[in-house]
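Quick notes on the structure that follows.
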Amino acid sequence: ARKTDSAQWKSLFKYAGTPSELSLRALKHDRLRIAACYILVVDKLEDEAVGKEVAVQIMQKALQARDYNLVEDLIKFLLKPISETPLGKRKPGILKRVLQVVVPPPNSVLALGERGDEELVLDEPEQLILKTHLDELADGKELVAMGAFIAITSFDGVGYLTHESDREGSAYISDFAEALELGAKHVLDGKAFDREIKRESHLINAGSVDFDERGDTAHLTHLMDAARHAECTDWTLLCATLLGRLDVLKEIFETQRELREPWVKICRELRETSSHSNLVRHLSQVVAEVEKFEFH
């Protein structure tokens with residue numbers, strides 16, 4: 001259908017079946033990108049509201065599958081011109097936070113089309129779906145997935161960490177040792193980081209990591225950078241510790257020297273009590289280097 005003249009779609013789907021039903025059938029069988037390709041046809045042949053409903057269902061499934069490139073495509077489809085939103089209902093972004101959106105990648109399943117020059121917004125229910133997903137990742141300390149989500153979808157990670165990392169927020173770290181151990185399960189056991197652990201000196205001085213070769217490192221670094229811009233020390237420390245970024249750790253401990261001793265204490269205790277061998281080995285290396293820091 002997508003390769004034929006749209007004027008022929010009505011005749012084609014008279015025999016092929018209702019586009020929305022075909023899309024949901026593909027979704028049921030986890031063929032997410034095929035399901036997404038139907039959306040423009042649904043929007044044109046059935047109804048804009050039906051197209052939106054199908055797109056939201058696909059986006060929720062894509063979030064579960066961690067297919068953030070598809071999520072980004074679906075965000076583009078769900079965006080609407082701000083001029084169509086009543087003044088009284090306009091919000092600057094995700095629960096009064098900014099949801100930044102960029103143009104879709106060249107190979108995007110969906111595109112902005114003629115809307116490219118307009119100021120676009122996402123309805124609050126869809127914003128909440130995205131935020132809830134990030135809340136779940138933050139709760140489980142799935143750091144690489146968090147970094148991938150905010151990097152690929154252009155979700156405002158800085159705004160999120162600024163507002164959600166305090167005691168009342170969804171991303172509050174109440175136990176740093178527990179956060180390290182949870183984070184390690186999603187980071188240090190990954191294939192990319194497993195290679196890095198075997199290159200101890202490279203990991204400890206990971207200031208120039210080859211991002212093309214190690215996507216996990218790139219995503220975790222993206223999350224750490226968002227935390228730094230948000231001036232969120234806990235999340236910055238968490239990411240920098242697992243990345244082995246001595247430059248960032250030194251910067252934090254130089255400006256907030258009262259944090260160095262409790263950080264070392266937590267890392268030492270975790271090194272002695274954790275059953276996570278990769279984390280124990282990693283912390284041994286990082287703590288040894290941090291203890292060499294000299295401040296004037």
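Bear in mind these aren't lab numbers, they're just calculated from the coordinates by the rules spelled out. Keep in mind it's a predicted model, so treat the numbers as computed, not measured. Neighbour counts are summed over all protein chains in view; Cβ atoms, including those assigned to glycine, are modelled from backbone coordinates with ideal geometry.
Taking the Cβ of residue 147 as the center, what net charge do the other residues with Cβ under 10 Å away carry, scoring Lys and Arg +1 and Asp and Glu -1?
Surrounding charge for residue 147 is -3.
If r is the Cβ-Cβ distance from residue 277 to residue 170 and R0 is 45 Å, what FRET efficiency results, to the nearest 0.05?
In this case the efficiency is close to 0.90.
Give a quick list of GluC sites (Glu not before Pro) in region 221-296 that DSSP marks as loop, anything other than H, G, I, E or B, with at most 11 other Cβ atoms within 10 Å.
In loop regions of region 221-296 (DSSP not H, G, I, E or B), the sparsely surrounded GluC sites (Glu not before Pro) are 231, 291, 294.
Counting only residues 5 or more places away or on other chains, whose amide H sits under 5 Å from the amide H of residue 121 once H atoms are built in the peptide plane?
Under 5 Å from the amide H of residue 121: 80, 82.
Taking the mean number of other Cβ atoms within 10 Å as a proxy for protection, how do you rank 31-37, 50-56, 260-266 from highest to lowest? Walk me through the intermediate numbers first.
On the way: 31-37: 18.3, 50-56: 20.1, 260-266: 14.6.
My ranking of the peptides, most packed first, is 50-56, 31-37, 260-266.
If amide H atoms are built 1.01 Å from N in the plane of the peptide, which residues on other chains or at least 5 residues away come under 5 Å of the amide H of residue 245?
none
In sequence order, what are the phi-derived ³J(HN,Hα) couplings for region 259-273 according to the Karplus relation 6.51 cos²θ - 1.76 cosθ + 1.60 with θ = phi - 60°, rounded to whole Hz, with x for glycine and proline?
8, 5, 4, x, 5, 4, 4, 4, 5, 5, 5, 5, 4, 7, 9
Filter the GluC sites (Glu not before Pro) in region 129-184 down to the DSSP loop ones having no more than 13 other Cβ atoms within 10 Å, then list what survives.
Numbers: sites: 136, 142, 164, 168, 178, 181; in loops: 142, 168.
Of the GluC sites (Glu not before Pro), the ones in loops of region 129-184 whose Cβ has at most 13 other Cβ atoms within 10 Å are 168.
Does a label point 7 Å from the Cα of residue 30, set along Cα-to-beta-carbon, have any residues of region 37-68 with amide nitrogen under 11 Å, and which are they?
65
Distance cut-off 19 Å, Cα to Cα: go down the list 3/61; 52/76; 3/44; 14/80; 141/250 and report the pairs above it.
Values: 3/61 26 Å; 52/76 11 Å; 3/44 15 Å; 14/80 29 Å; 141/250 23 Å.
Beyond 19 Å between Cα atoms: 3/61; 14/80; 141/250.
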